[in-house]
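Okay, so here's the structure we're looking at.
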Amino acid sequence: MRLTVFWQRMADHFGSGYSETFARDHVMSELGGRTVHEALAAGWDAKEVWQVVCSVMDVPRERR
């Protein structure tokens with residue numbers, strides 16, 4: 001998954017303003033105790049990060 005697609009999905013689900021806040025501030029144990037930004041910077045694949053976000057935040061199937 002391209003990062004542009006990842007960020008579009010984040011904005012579609014959380015809203016353009018909150019998606020950035022969530023990605024910067026929400027630490028998830030499923031990402032090794034990292035935020036979305038930290039996980040991506042550490043080399044996690046965007047698709048893997050999106051799958052974690054979907055699981056943790058109960059994103060509906062049709063938006064995954």
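So what is the relative contact order of the chain, in percent, for Cα pairs below 8 Å that sit 6 or more residues apart? All intermediate terms of the calculation are to be shown ahead of the outcome.
Working: 45 pairs, mean separation 18.7, N = 64.
Here the relative contact order equals 29 percent.
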Practice task
Would you please give the residues with an amide H less than 5 Å from that of Thr35, counting only those at least 5 places away or on a separate chain, with H modeled from the backbone geometry?
Solution key: Met28
Problem - Spin-label pair Asp12/Ser29, simplified geometry with 7 Å Cα→Cβ offset, distance in nm - result: 3.0
Problem - Whole-Å semi-axes of the chain's equivalent ellipsoid (Cα gyration tensor) - result: 16, 12, 12
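Every number here is computed from the coordinates shown, using simple stated rules; none is lab data. Every value quoted in this text rests on a predicted model; they were computed, and no experiment measured them. Cβ: placed from backbone, ideal geometry, glycine included. Neighbour counts: every protein chain shown.
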